[in-house]
Amino acid sequence: MSQSQEAFQPWEAGGPRDVRASGKEPAGAEPARADGRKTFALALDIGGTKIAAGVVAGDGTIAAQARRSMPVPRPASPASPDPDGAGPASARAAGVDAEEVFAVVQDCLDEALAAARMRPDEMTGLGCGCSGPMDWPVGEVSPLNIPAWRGFPLRARLRDAYPGGPVLIHNDAVALAAGEHWMGEGRGVRNMLAVTVSTGVGGGLVLGGRLLHGTSGNAGHIGHMVVEADGPPCPCGGRGCLEALASGPRTVAWAIGEGWVPSGDQPANGRVLAASARAGDGVARRALARAGAAVGAGLASCASLLDLEAAVVAGGFAQSGPIFWDALSASFDRHTGLAFTRRMQIRRSSDPSRIALRGAGAFILAPERYAWEG
Ligand SMILES: [Zn+2]
């Protein structure tokens, strides 16, 4: 990320819904244990392309962290034999098996522990945010972008590898919501939504100061809320979902359909599209504005349904600059007529990767607000 992007503030010049400087006291700090020693948890954040692990303390500080890239599939060689004769060509082409991915996860966790100079038995437990879908709360995961894991028993495997404390796994956007509420842009707020606009569009909810799970762990999954009736088809099988209008890949696909071409030999992805928009490309600008407007409409509906104080937006487009944010804000204004909906503040996640780790730690370290049974 460039310096200018890092410094970008969506509501600079005292935008109407920015109350980050309101002076509210952080409500997140947890007391130390009765014996005065700090508590710690292992935290894990598994996305489609990256794995992050950390040792998080009960006061929300990250004692140490480690990162790994997701193992990359090796291209299939048409000349190579298929030794077990099993599976379709696509499965063989994936070239990364479930154990290989888990070994990288374990390696990453062990590096974080070593960097913190701590042992597994000094951890209260292990919290994990993982990209979905998953069977919750069982913790069998099938992340769309990790084809090697289909029904992978991640929770059971982590319990075996790091015994002694609870292991809790939730969707990565839910971990982000817990982290934003515990230690991020949602501190001191009782009712909030966290949204991530990335390869997919996900979200998590905190209501009445507690993380909400829903029946199957999908409460707050804003990505499949309909924002345009009979709109474009969505990967979920529906139409007009927020994800179909605002995800990185769908926005890039729309731009390409309108004639956008990445300059030079750059890949056609959300980051390049956003750079193209900032450089003034008309189609790219319209594409980002279209995504922002869809998110603004979705947030307006959430404000109406849930009477929220704040929504925190993370993900690549959230970092992309004013084209996305101006469209989001205008759309939110257009779709909120009632005073209570207009009062909802929209904030940009300031440090989503560290916040997601803290959120995973919060499952263990602040269980009265963020943990669950099962
Ligand atoms: Zn959908």
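Please treat every number below as a calculation from the coordinates, not as lab data. This one's a predicted model, so the numbers in the text were calculated from it and none came from an experiment. All Cβ positions, even for glycine, are placed from backbone atoms using ideal geometry, and neighbour counts span all protein chains on display.
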Quiz item: Antiparallel DSSP bridges in segment 185-350: what percent, to the nearest 5?
Solution: 55 percent
Exercise. Enumerate the amide H contacts of Met118 below 5 Å, restricted to partners 5 or more residues apart or on another chain; note that Pro and chain-start residues carry no placed amide H.
Key: none
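Would you kindly state how much longer the chain becomes between Cys236 and Ser69 on full extension, computed as 0.36 nm times their sequence separation minus their alpha carbon distance, in nm to one decimal? It would help to have the intermediate numbers written out before the result.
Details: separation 167, 0.36 × 167 = 60.12 nm, distance 2.67 nm.
Length difference between fully extended and current span is 57.5 nm.
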Exercise. For Leu207 paired with Gln266, estimate the spin-label separation in nm (one decimal), with each label point 7 Å from Cα along the Cα-to-Cβ line.
Key: 4.2 nm
Quiz item: In segment 353-367, which residues have a backbone nitrogen under 15 Å from the label point lying 7 Å from Asp59's Cα in the Cα-to-Cβ direction?
Solution: none
Self-check item: Loop-located trypsin sites (Lys or Arg not before Pro) in segment 284-374 whose Cβ has at most 16 other Cβ within 10 Å (DSSP)
Solution: Arg343
Practice problem: Obtain the nm distance between the two label points defined at Glu373 and Ala156 by a simple spin-label model: each point lies 7 Å from its Cα along the Cα-to-C-beta direction. | Solution: 2.3 nm
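By the scheme Lys and Arg +1, Asp and Glu -1, what is the net charge of all other residues having a beta-carbon under 11 Å from that of Cys241? Show your work: numbers first, answer last.
On the way: positive: Arg239, Arg250; negative: Glu228, Glu243.
Within the 11 Å Cβ shell, the charges total 0.
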Quiz item: Ranking Met225, Met344 by Cβ neighbours within 10 Å, fewest first, what do you get?
Solution: Met225, Met344
Exercise. Tabulate in residue order the Karplus-calculated ³J(HN,Hα) for segment 342-352, using 6.51 cos²θ - 1.76 cosθ + 1.60 with θ = phi - 60°, rounded to whole Hz; enter x for Gly and Pro.
Key: 5, 6, 4, 8, 10, 10, 8, 4, 8, 7, x
Exercise. Would you mind calculating the gained length between Asn145 and Ala229 on full extension (0.36 nm times residue separation, minus the Cα-Cα distance), in nm to one decimal?
Key: 27.5 nm
Quiz item: Exactly which trypsin sites (Lys or Arg not before Pro) in segment 137-215 are in a DSSP loop and have at most 12 other Cβ atoms within 10 Å?
Solution: Arg150
